[in-house]
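Working notes, structure below.
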């Protein structure tokens, strides 16, 4: 009964929330529905989520596990961001056929390109399973014991849930473990590239403009879901046919205006709106600065090589974009938290909270417990960040050693798996080394290992890096290790299990990487998780306590990679004194930023000609071509590619970014300055039609004029 009461509270607080937040689509009836309609929406909660009839949720797709996409035709045509499709576009590119540089457009169905390993997932239904998950867990259990019991319950429910054989079951926690929802999903495995503009359109402004407003980016790409003859998910086959969806989004030609209703529907990755002040302080002053410095050094080296070598530019384009994206985000996040006084505001909230609970034995020591635990986790979390950023993310040779270390550990425990694991590893390395440059990685290694040696907390520094000359270490490894090429790795992995292990353990690169991985998996990560599970247990109680003690405040569940609705309006904003940003940008702004030959601000000649001739077709507005717009929707990573839907359920834009001043919204959403950035749907259509001349795709879509009804 205790958990039923908590769930009632959760739903009640949802109903009294104000505009903003990331809401569960199956729980919109009531105040959320009313708020949307007060903002101008003509949609009901059933129009958005319905398991008995087609609804908007049937057009919303989790794209390859990291982004969102949406179905925009009755033939399974998918729209997502250019940066979400970037890896696929890159994988099909060569120096002779550079689809990143020139764009790609399949003019017929049989020219659409398959993408091995790419998936697209649809939500069938969402069920609340809170009571089943949290039953029979004694209060006397430790945090680890409680989590173990919850995991057992999750496994049992997943196993016993009724579903079709091609469907999957996932259970996720909400409100820091106070609520659990079950998702029935369908995952399609034959996804083909249909179209993508050149990076001079799809990534116009590149890293300089990333997270900034005004933007002028055509950040979109097109894919298609293929299914078997029964319209069910299937592995790639030439016999597969375009998927017939339950619902697809018509596209509005009417554009947007200030204060228009906007609904963003997608799969936001992760937010932490309810962390205590001590946690935010640690992120801003300790963790983010370390990660920013590491990526800053790596990016400078990679950028220099990319600017001077076309082959390296292709190899590292996707990797560079991925690394740079969060590097810049963390910088803006820190600035936004400082500017909005987020830490001080949380401290004020905590003072008020402490006054309310001073006589409550369950809650009165929560903040002290947070202080103690965050002090304990401080050094090990910093060490974990250094290892993750240096060893796993930015030095590719060391990343290769992590895979080898995991391989060695598996085959020692289970020798029978040797052949299977070796084949899997060799296959993974084929793609890895296709986009690898020894000379780039060598320079990154020397710079980052120096940082790692100097700045990781000393008790977590590997013995082999103590009192070492990093230049000599770098030269030794990149001269002698087999891990600098695919041929070398193939050579290392030839032979019997005993021979392979012997060769690995005399390889200079692997020897260092193995020691670093052992430090991480045996020392750093276990301690981090032991403390973190205690933090999560306190956070769960704190979340419940906040909701009970501040009944008039807005509480929405943090993002956790599940399907969410966020609604708002098209609005400009004041980023600083005496400055106001209009909510819509135009093609004229692209011309103002244009720099011939610059890899960030170059512009295709055909686009220049279309602008010069004002040849905007039916997509222009008063002699101008809209490009991007901003709104008050609360978004985060994972919302990339999310559809922006108007008051009638039509597509009006494509979410792709946030403004730099508002990137702190993962921890402190502030509607005064937090804005999401979207590609205007008309600009997407203009590029497909007037720039690419792909009439077959335009004819496939349903174009509407809802404002003219």
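Read-outs: derived from the displayed coordinates by stated rules, not from any lab. For clarity, every value in this text was computed on a predicted model and none was experimentally measured. Every residue, glycine among them, receives a Cβ derived from its backbone with ideal geometry; neighbour counts consider all protein chains shown.
Shape class for the range 382-458: oblate, because the ratio a/c of the largest to smallest gyration tensor axis (alpha-carbon atoms, square roots of eigenvalues) is 1.5 or more and b/c is at least a/b. I'd like the FRET efficiency for residue 475 and residue 536, computed as 1/(1 + (r/R0)^6) with the beta carbon distance as r and R0 of 60 Å, rounded to 0.05. Computed FRET efficiency for residue 475 and residue 536 comes out at 0.85.
The mean sequence distance of close C-alpha pairs (under 8 Å, at least 6 residues apart), as a share of the length of the range 275-432, puts its relative contact order at 29 percent. For the chain, what class follows from the C-alpha gyration tensor (a ≥ b ≥ c being the square roots of its eigenvalues): rounded when a/c is under 1.5, otherwise prolate if a/b is larger than b/c, else oblate? Rounded. Over the chain, DSSP H runs of length four or greater, each weighted -39,500 (n - 2.57), average out per residue to a 222 nm ellipticity of -13000 deg cm²/dmol. Per-peptide packing, taken as the mean over residues of other Cβ atoms within 10 Å, places 635-647, 43-55, 422-434 in the sequence 635-647, 43-55, 422-434 from highest down.
Given a Förster distance of 25 Å, report the FRET efficiency between residue 96 and residue 609 from their Cβ-Cβ distance, rounded to the nearest 0.05. Working from the Cβ atoms, E equals 0.45.
Give the relative contact order (percent, whole number) for the chain; include only Cα pairs under 8 Å separated by 6+ residues. The normalised contact order for the chain reaches 24 percent.
Shape call for the range 120-188 from the C-alpha gyration tensor, a ≥ b ≥ c root eigenvalues: rounded (a/c under 1.5), prolate (a/b greater than b/c) or oblate? Judged from the Cα gyration tensor, the range 120-188 comes out prolate (a/c at least 1.5, a/b above b/c).
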